[in-house]
Protein chains: 2
Amino acid sequence: MLITEARDYVVEKLPYALNPKSIAVVGSSRLDGKVGFKVIEGLRKWGYDGRIYPVNPRAKEVQGLPAYPTVKDIPDEVDLAFVAVPAHVVKSVLKDCVEKDVKIAVISTSAFKEIGREELQNELTQYCRDNELPLIGPNLVGMGSPYFHFNCGFIPYLPVPGPVAMISQSGANLLAALGTSQEDHLGMSFFVGLGNKADVDFAEFIKYADQDPNTGSVAVYIEGLDSPEAFIKAAQESSKPIVVIKVGGSKIGHKAAFAHTASENPESDDYYQSVFDKAGVIRATTWQEFLDDALALGLMPPLRGDHIVMITNGGGSGLLSCDHFERRGLPLKELKEISPLLFGKIRNYMPMFGSPLNPVDISGTATPIQYRGAVSQALRDPNVDCVYVSICPTAVTDVNEVADQVIEVWNKNKGSNKPVVMECQGGKECHDIILKLRDAGIPAYPTAEQAVNAIVALRDYGKILEAKEKA
Amino acid sequence: MLITEARDYVVEKLPYALNPKSIAVVGSSRLDGKVGFKVIEGLRKWGYDGRIYPVNPRAKEVQGLPAYPTVKDIPDEVDLAFVAVPAHVVKSVLKDCVEKDVKIAVISTSAFKEIGREELQNELTQYCRDNELPLIGPNLVGMGSPYFHFNCGFIPYLPVPGPVAMISQSGANLLAALGTSQEDHLGMSFFVGLGNKADVDFAEFIKYADQDPNTGSVAVYIEGLDSPEAFIKAAQESSKPIVVIKVGGSKIGHKAAFAHTASENPESDDYYQSVFDKAGVIRATTWQEFLDDALALGLMPPLRGDHIVMITNGGGSGLLSCDHFERRGLPLKELKEISPLLFGKIRNYMPMFGSPLNPVDISGTATPIQYRGAVSQALRDPNVDCVYVSICPTAVTDVNEVADQVIEVWNKNKGSNKPVVMECQGGKECHDIILKLRDAGIPAYPTAEQAVNAIVALRDYGKILEAKEKA
């Protein structure tokens, strides 16, 4: 339901959604497979150390914990109520929450607006707004944060800690992102599924993310914007980069988006594009780009110019990158155009037959010391804005040691405020190195197009900041 | 150097490049790190059971094998000569090979046309052509096949067996593909790096692939086409789908492609597009698409119509797919438009609140039996051309069992000649399932865009065949 700007009382209470001291699980269940069971199981499995109060009028005990007939019967303050009861019972649970002075309510139950029950959903929203009880959901999968060992919902994974705040309207895609986080070390500060977003909206979580010390970038998965004005304002005011993906734009997707999270897409894609332009956010096209951009934006400073130097030991991966840079409208410049003296300096770190172009091909025989030298020289050159390092695992490449050297160079030169992005194309060895680089704070990717997309996103954010600074 | 069509004597001798009974390694080395050392190490490590003859005038023994001063001194027939000696010595080695009646020569040495020594390279080519000794390379990384336990070159990985023949002009990208093959079970029939392709060209390997019983699809990485006419003819005559990626098309890429594999790109991208259109090949844009398309084309029959039914347990992944289908010009049709009766049949396998649209959302609670039923119904419906199955790992999804059920349904319905493509978005669990599905012959991918691209490639191949059938 419409808000015109992020509401202060909501933003102030959002910490209770991600770091509550006590939780009432309403509709808690003794049956494995039920949401009400999974929530408590998940909280415990991932190390939640607050207090859990099952609410179930037909049980004295749930999963070894004393159960209470209603929220009101809990003999303690309740920060968060997680509600997983049938749709028609939700209203009375919310009334109990208001009486109990619960800080925030989260409703996982579905079968509201997305199946035509808009009136019922709006009634709940209005009731919560009248009583300043923020409501997250309904029809949502859950939320959590690896920093608080907090995993609350219908969620089998906790992501690895890192800079990305993931705010998603889709549960399934949120789950996918969390799985990817574990598998590919896409570090997250927190995540939340907003579902139908009857009350709490994107704007409020964007504002929360801006204040959250663990968050470096904000990733927002959007099916529909109920409150574009609030979104624009919150995004404009954010001091952190925001990347969005908007889905349901296809003809057949309109219907599906409504059925999924009751999202209405009355407007054309041009309309959404204009909202995103006004908001000053980066828009990803594909899911992979969305994740990759968010990671780069979370780990690296913005890219403040077009002088990108690529250093590689494989001509082919250099070419794939050149082509993709050009497709994305950020063509690589020649090395001599970027910095007349740089090649002379890099030359010391490559064989005679290496290529003096950009990409700088230091050849398939490049050693870790040669990589270190070439990357250092490029990073220290005042004419260079960004260094893009690619490693191809040839039979003589010590991929692991190259990564260690680049990490050291990056740590020494962080103060330069120039982004470093890496690509390591190949199999298990490369995957392991990508994890290591990401853990060390360097965005690294398994294909040229992913790394290039990430650099383009960093440049887009640089341009957004430049426009803000001019205004 | 120009050929106007695939030469018979070359195609007939190519089996010696991938399944030789005896190999002379010229320039074999006792020093780890040298190409001449790595070749022998690689052959042994991956189980080559033919005879290996090191050639080295300064050693009696190399890696425990008796060494010979020249190829001519080997007291046995030599099928393949792998040459890793300095550029200026190559000519005399080739003379020895001709005298010895070696079947095929492979030159890994670089520093030929790509650094300006075109004359020297052409001289070698002409000599080999005059003597009908096919020459692969120079400036190449190697070749191999998992079916023959054969890994010959500068190559740390052998791919897993499967349908894709990988013909690459770039060594580094070939290595990346082989690593990906191991890690992501992108099965290959054989692979070869062509390097500067002074003599043997794409056309001849395309023809070899057409005759190779292990090959289901051909993937060709192209930096430059020296012999477009031969390429077009070989591709037109191929009974197997061919996917290409053309790199070096960017402005800065022209120079880099020349420095890399001496490829000249005098023509515009329109020129290459017209070559590919005439040839009837599928063109991928990005590296990921190239690999993903090749796998789908190798495993599945062509897609003969636009009636694609998507079955998913996650609305969000359905939406990402819808949007990407539309971006790629193959929008999903509504279920009732595809088949008026199908929804009634699928309805039995989904909860009341599941979505009757396409994507068919059988909901986050979908069981393996429900998946099985829905997929079976769709696959058996005569109006359906392709079934696209997506699994989102919710807390209650038995991803593994769903995959098993789909594999069973696919095996029962292979005769229908309709492609089945899968998507499983998420972390380690999904990655493992993707490997299982691929091993079972079903192309499966970790993102919606990858699966959709693969389906579009199958449709493109269907259209290519339809055009051929009409002509």
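Taken over the stretch B:48-176, the percentage of Cα pairs per 5 Å bin, counting from 0 up to the bin with the maximum distance, is 2, 9, 18, 21, 21, 16, 11, 3, 0. With R₀ fixed at 56 Å, the C-beta to C-beta distance from A:Tyr127 to B:Gln236 puts the FRET efficiency at about 0.20.
Taking the DSSP beta bridges with both ends in the stretch B:87-222, the antiparallel portion is around 30 percent. Beta bridges from DSSP with both residues in the protein assembly as shown: antiparallel share about 15 percent, rounded to the nearest 5. Phi angles across the stretch B:422-431 convert, under the Karplus curve 6.51 cos²θ - 1.76 cosθ + 1.60 with θ = phi - 60°, into 3J(HN,Hα) values of 10, 10, 9, 8, x, x, 4, 4, 5, 4 Hz, Gly and Pro given as x. Computed on the stretch B:302-470, with alpha-carbon pairs under 8 angstrom and 6+ residues apart, the relative contact order is 28 percent. For the stretch B:1-160, DSSP calls about 25 percent of its internal beta bridges antiparallel. Quick one: grab the alpha carbon gyration tensor of the stretch B:408-471, order the square roots of its eigenvalues as a ≥ b ≥ c, and give me rounded if a/c is under 1.5, else prolate or oblate depending on whether a/b is larger than b/c. Because a/c hits 1.5 or more and a/b fails to exceed b/c, the stretch B:408-471 counts as oblate.
Electrostatic tally near B:Val243: other residues with Cβ closer than 10 Å to its Cβ, Lys and Arg +1, Asp and Glu -1, net -3. The stretch B:70-144 and the stretch A:152-216 have Cα centres lying 57 Å from one another. The 3J(HN,Hα) values that the Karplus relation (6.51, -1.76, 1.60; θ = phi - 60°) gives for the stretch A:382-393 are, in residue order, x, 7, 9, 9, 7, 10, 10, 10, 10, 10, 9, x Hz. Gly and Pro appear as x. Extension gain for B:Lys34 to B:Leu341 (0.36 nm times residue separation, less C-alpha to C-alpha distance): 104.0 nm.
FRET efficiency for the pair A:Lys428 and A:Ile369, taken as 1/(1 + (r/R0)^6) with r the Cβ-Cβ distance and R0 = 30 Å, rounds to 0.75.
Placing a label point 7 Å from the Cα of A:Pro351 along the Cα-to-Cβ direction, the distances to the matching points in the other copies come to 6.1 nm, shortest first.
Net charge dipole, chain A: roughly 460 debye, given to the nearest 20, about the Cα centre with Cβ charges of +1 for Lys and Arg and -1 for Asp and Glu.
In this structure, the amide hydrogen of A:Val244, modeled 1.01 Å from its nitrogen in the peptide plane, lies closer than 5 angstrom to those of A:Val220, A:Ile282, A:Arg283, A:Ala284, counting only residues at least 5 positions away or on a different chain. Counting Lys and Arg as +1 and Asp and Glu as -1, what is the net charge of the other residues whose Cβ lies under 14 Å from the Cβ of B:Val93? Charge balance in the 14 Å sphere: 0. Segment B:Lys470..B:Lys251, full-extension length gain: 75.0 nm, with 0.36 nm per residue of separation and the alpha-carbon distance subtracted.
Name the shape class, rounded, prolate or oblate, that the alpha-carbon gyration tensor gives for the stretch B:8-297, where a ≥ b ≥ c are the square roots of its eigenvalues, rounded holds for a/c under 1.5, and otherwise prolate holds if a/b is larger than b/c and oblate otherwise. Since a/c reaches 1.5 and a/b is larger than b/c, the shape of the stretch B:8-297 is classed as prolate. May I ask you to report, in nm to one decimal and beginning with the shortest, the distances from A:Pro86 to the same position in the other copies, taking label points 7 Å along Cα-to-Cβ? Counterpart label points of A:Pro86 in the remaining copies fall at 8.7 nm. Subtracting the Cα-Cα distance of A:Lys91 and A:Lys21 from their residue separation scaled by 0.36 nm leaves 22.8 nm. Computed from backbone phi with θ = phi - 60° and the Karplus coefficients 6.51, -1.76 and 1.60, the 3J(HN,Hα) list for the stretch B:24-32 is 9, 9, 8, x, 5, 10, 8, 9, 4 Hz; x is used for glycine and proline.
Comment: the Cα-to-Cβ extended label point of B:Asn413, at 7 Å, lies 5.5 nm from its counterparts in the other copies, nearest first. The calculated FRET efficiency for the pair A:Lys333 and B:Lys45, based on their C-beta separation and a Förster distance of 60 Å, comes to about 0.90.
Against chain B, whose longest principal axis comes from its Cα atoms, helix B:399-413 is set at around 80 degrees.
Its relative contact order, with pairs defined as Cα atoms under 8 Å and 6+ residues apart, puts chain A at 12 percent. Normalised by the number of residues in the stretch A:91-137, the mean separation of alpha-carbon contacts (under 8 Å, six or more apart) gives a relative contact order of 48 percent. Sorting A:Arg283, A:Arg328 from the fewest to the most surrounding beta carbons within 10 angstrom yields A:Arg328, A:Arg283. Centre-to-centre, using Cα atoms only, the stretch A:9-56 and the stretch B:401-463 are separated by 36 Å. A:Tyr53 sits among other residues whose Cβ lies under 10 Å from its own Cβ, and their net charge, with Lys and Arg +1 and Asp and Glu -1, is -1.
Each helix, a run of at least 4 DSSP H residues, gives -39500 (n - 2.57); summed and divided by the residues of the protein assembly as shown, these come to -13000 deg cm²/dmol at 222 nm. Cysteines in the protein assembly as shown that lack a partner Cβ within the 4.7 Å cut-off: A:Cys97, A:Cys128, A:Cys152, A:Cys322, A:Cys386, A:Cys392, B:Cys97, B:Cys128, B:Cys152, B:Cys322, B:Cys386, B:Cys392. I want to make sure I understand the PRE zone here: with the label point 7 angstrom from the Cα of B:Tyr271 toward its beta carbon, which residues in the stretch B:160-191 have backbone N atoms less than 17 Å away? Residues passing the 17 Å test: none.
Taking label positions 7 Å along the Cα-Cβ direction at both A:Tyr9 and B:Val98, the computed distance is 9.3 nm, reported to one decimal. Taking the inverse of the mean reciprocal distance over all distinct Cα pairs, the Kirkwood hydrodynamic radius of the stretch B:302-470 comes to 15.6 Å.
Rounded, prolate or oblate for the stretch A:116-198? Axes are the square roots of the Cα gyration tensor eigenvalues, ordered a ≥ b ≥ c, and the cut-off for rounded is a/c under 1.5. It comes out prolate by the Cα gyration axes. Remark: C-alpha extents of the protein assembly as shown on the principal axes read 97, 64, 50 Å, sorted largest to smallest.
The C-alpha atoms of chain A define a longest principal axis, and helix A:251-261 lies at about 50 degrees to it.
Just so you know, all these numbers are worked out from the coordinates, no wet-lab data involved. Every value quoted in this text rests on a predicted model; they were computed, and no experiment measured them. Virtual Cβ from ideal backbone geometry, glycine too; neighbours counted across all protein chains shown.
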